[in-house]
Amino acid sequence: MIRTAVASDVPVIHSLIRDLAEYEKALDEVRATPEQLHEALFGDRPAAYAHIAEAEDGEPVGFALWFLNFSTWRGVHGIYLEDLYVRPEARGGGHGKALLTELARICVERGYERLEWSVLNWNKPSIDFYESLGARPQDEWTVYRLTDGALAELGSGGV
């Protein structure tokens, strides 16, 4: 079962984010607090949205956290999937596909024309899964990121 996250889900979302970061060998990079997640998801001006995948017994086993992007070429919003994670013991149960299906449904319902996300190059099981659904890599694009000192330096007029 897939459902829209509610405020009481913040602790489990935070836990799943940490599990995902551990899987991606980046647990030391997680700085988000439950309070920050609560504000981002359920504050006065939500910056992101989340869906929860539940097992038959109602236990949360996965999540998708996403936000709106905008295509200047298409002239409409799309969804950028920031994180999708299903606990290892629940994989193969259709939860990941159900989460992506729900996001695709939202896109279709709202007239959004893109559902996009990034995947680590070494994550072959996920790449195979995404391609089985019809997703295709955008290999002509490279993601760039400014963080920490470089972001602060540029933002203060340096460089």
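Note that the range 21-38 has calculated 3J(HN,Hα) couplings of 4, 5, 4, 8, 6, 9, 4, 5, 8, 6, 10, 4, 9, x, 5, 5, 4, 4 Hz, one per residue in order, obtained from phi through the Karplus relation 6.51 cos²θ - 1.76 cosθ + 1.60 (θ = phi - 60°); glycine and proline are x.
Between A135 and E35, the C-beta separation translates, for a Förster distance of 35 Å, into a calculated FRET efficiency of about 0.55. Distance between the pseudo-spin-label points of D44 and T101 (7 Å out from Cα toward the beta carbon): 4.0 nm. Our summary gives the chain a relative contact order of 17 percent, counting only alpha carbon pairs under 8 angstrom and 6 or more residues apart.
Say we join alpha carbon atoms closer than 10 Å with springs in a Gaussian network model of the chain; which of R145, R114, R18 then has the biggest fluctuation? So, out of R145, R114, R18, the one fluctuating most is R145. Of the three principal axes defined by the Cα atoms of the range 1-148, the extents in descending order read 40, 37, 37 Å.
Taking E24, E102, E140 as the candidate residues, the one with maximal mean-square fluctuation in a Gaussian network model of the chain, Cα springs under 10 Å, is E140. Computed in the context of the full set of protein chains, the accessible area of the range 97-152 at 1.4 Å probe radius has 54% of its extent on carbon or sulfur. Computed over protein heavy atoms with a 1.4 Å probe, the accessible surface of the chain works out to 66 Å² per residue. So what's the gap between the Cα centers of the range 118-159 and the range 5-62, to the nearest angstrom? First find each Cα centre; the distance between them is then 20 Å.
All alpha carbon pair distances within the range 72-148 were sorted into 5 Å bins beginning at 0; the resulting P(r) in whole percents reads 3, 11, 21, 25, 18, 13, 6, 1, 0. With a cut-off of 14 Å on the backbone N, the residues of the range 1-35 near the modelled label site 7 Å out from A55 along Cα-Cβ are 1.
The values are calculated or read from the model by the stated rules, or taken from the named source; none is laboratory data. All figures in this text were calculated on a predicted structure; none of them were measured in a lab. Here Cβ is always computed from backbone atoms with ideal geometry, including for glycine, and neighbour counts include all displayed protein chains. Calculation scope for accessible area: heavy atoms of the full protein, side chains included, ligands and nucleic acids excluded. Shrake-Rupley method; radii C 1.70, N 1.55, O 1.52, S 1.80 Å.
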